[in-house]
Amino acid sequence: YPLVVEVQQVLAYNCCVRNAPITLRMSLSKSIYLPGDNITFTTEITNPTGKSIRKVVFTLHSVVLYKAFNFRAERRTLEQHEEMMRLESNIERGPCEFTKIQSTLCLPKVMPVTSVQKSDDIMEIGYELTGMVHFPWCLNRVVAKIPIVIRNEATGSPE
């Protein structure tokens, strides 16, 4: 099944006199991927400001959550984000109220699969695709994150 994430943020422009809601919507063509698969996704940006967008940056991050106990038996966690891939779309046209971008990222053929959530694991591995729209006229950006599930062929789909 496809997965969709939508983020809306109000940005001020024209020296903070006016503002408008910017919508960033990202959708994946499927919800589970294998190492070596292509991640095909669609990004839709609604920009009613009349100002142009310069670039959209997509990054695939691995997210590793480490779990442990300290010497007082208190649970501690550490989350580490590593950028695996980056794709930049420079938009060369003028102001446009609606922008649609089709993109593809190719996953490495060898990579750890997404962890199945168990409370007793000391480490969990996950992935997320981040889309970031840069607005040079207001020094802000709108960010959307969508989880990516990586499985191997021997693992069935999650229950």
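Of the set (1) touching a Gly at 6+ places or on another chain (Cβ under 9 Å); (2) under 27 Å from Arg151 (Cα atoms), all apply to Tyr13 but (2).
Checked against (1) within 22 Å of Asn152 (Cβ to Cβ); (2) in a strand (DSSP E or B), Lys30 meets all criteria but (2). Just a yes or no: is a residue in region 54-66 in contact with a Cys (Cβ under 6 Å, 6 or more places away or on another chain), of a type outside the set (D, E, K, R) and touching a residue at least 24 places away in the same chain (Cβ under 8 Å)? Checked region 54-66: no residue is in contact with a Cys (Cβ under 6 Å, 6 or more places away or on another chain), of a type outside the set (D, E, K, R) and touching a residue at least 24 places away in the same chain (Cβ under 8 Å). When Lys109, Lys100 are checked against the criterion of being surrounded by fewer than 11 Cβ atoms within 10 Å (Cβ to Cβ) and over 30 Å from Gly50 (Cβ atoms), Lys109 stands alone in meeting it.
Any residue at all in region 40-59 that is surrounded by 12 or more Cβ atoms within 10 Å (Cβ to Cβ), part of a strand (DSSP E or B), within 15 Å of the chain's Cα centre (by Cα) and among the aromatic types (Phe, Trp, Tyr)? Checking region 40-59: at least one residue is surrounded by 12 or more Cβ atoms within 10 Å (Cβ to Cβ), part of a strand (DSSP E or B), within 15 Å of the chain's Cα centre (by Cα) and among the aromatic types (Phe, Trp, Tyr).
Against the condition among the aliphatic types (A, V, I, L, M), out of contact with any helix residue (DSSP H, G or I) (no Cβ under 6 Å at 6 or more places or on another chain) and modelled with pLDDT of 90 or more, how does Ile39 come out, does it pass? Considered against the rule, which asks whether it is among the aliphatic types (A, V, I, L, M), out of contact with any helix residue (DSSP H, G or I) (no Cβ under 6 Å at 6 or more places or on another chain) and modelled with pLDDT of 90 or more, Ile39 comes out as yes.
Residues that are of a type outside the set (A, V, I, L, M), surrounded by 11 or more Cβ atoms within 10 Å (Cβ to Cβ) and modelled with pLDDT of 90 or more within region 81-96 comprise His81, Arg86, Glu88, listed in sequence order.
The values are calculated or read from the model by the stated rules, or taken from the named source; none is laboratory data. Every value quoted in this text rests on a predicted model; they were computed, and no experiment measured them. Please note: Cβ atoms are built from the backbone with ideal geometry, for glycine as well, and neighbour counts cover all protein chains shown.
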